[in-house]
1. So what J values fall out for the stretch 26-41 if you push phi through Karplus, 6.51 cos²θ - 1.76 cosθ + 1.60 with θ = phi - 60°, rounded to Hz, Gly and Pro as x?
2. In sequence order, what are the phi-derived ³J(HN,Hα) couplings for the stretch 13-18 according to the Karplus relation 6.51 cos²θ - 1.76 cosθ + 1.60 with θ = phi - 60°, rounded to whole Hz, with x for glycine and proline?
3. With Cβ to Cβ distances under 12 Å as the rule, what net charge do the other residues near residue 56 carry (K, R +1; D, E -1)?
4. Among the chymotrypsin sites (Phe, Trp or Tyr not before Pro) in the stretch 1-53, which ones are in a DSSP loop with at most 12 other Cβ atoms within 10 Å of the Cβ? Mind listing them?
5. Which value in nm describes the separation of the simple spin-label points at residue 67 and residue 11, placed 7 Å from the Cα toward the beta carbon?
6. Mind giving me the nanometre distance, one decimal, between the label points for residue 31 and residue 19, set 7 Å out from Cα along Cα→Cβ?
7. Which one is right for this structure if percent of Cα pairs over 20 Å apart is calculated from it: [x] 41; [y] 36; [z] 32?
Amino acid sequence: MWNDLFVTPEARGRGFGAALLAETRRFAAETGAKGLTLVTAVDNLPAQRLYERMGWKRDETFYHYHLGV
């Protein structure tokens, strides 16, 4: 199951992404989630910097593949 979470281009750089991620983490902990996973394009460097700044760790072990049918 995939869910998208994004900040519109005109709102970027104003802390909304960090606030969304923080609230997502709080909600996950409150509801007993085992973890969270983020997926982004390899060239989406601003998102990657945000994730890493907020403590997320990049998976260097696995590649993910998808086949549309």
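Taken together, the values in this text are just the output of simple stated rules run on the coordinates, not laboratory data. Worth saying up front: this structure is predicted, and the values here are computed from it rather than measured. Here the Cβ positions follow ideal geometry from the backbone for every residue, glycine too, while neighbour counts run over all protein chains shown.
1. Listing the rounded values in order: 4, 4, 4, 5, 5, 9, x, 4, 7, x, 10, 10, 10, 10, 9, 5 Hz.
2. With coefficients 6.51, -1.76 and 1.60, one gets x, 10, x, 5, x, 4 Hz.
3. +3
4. Here the chymotrypsin sites (Phe, Trp or Tyr not before Pro) that fit, given the DSSP loop and packing criteria, are 2, 6.
5. 3.8
6. Between residue 31 and residue 19, the simple spin-label model gives 2.1 nm.
7. Given [x] 41; [y] 36; [z] 32, the calculated one carries the label [y].
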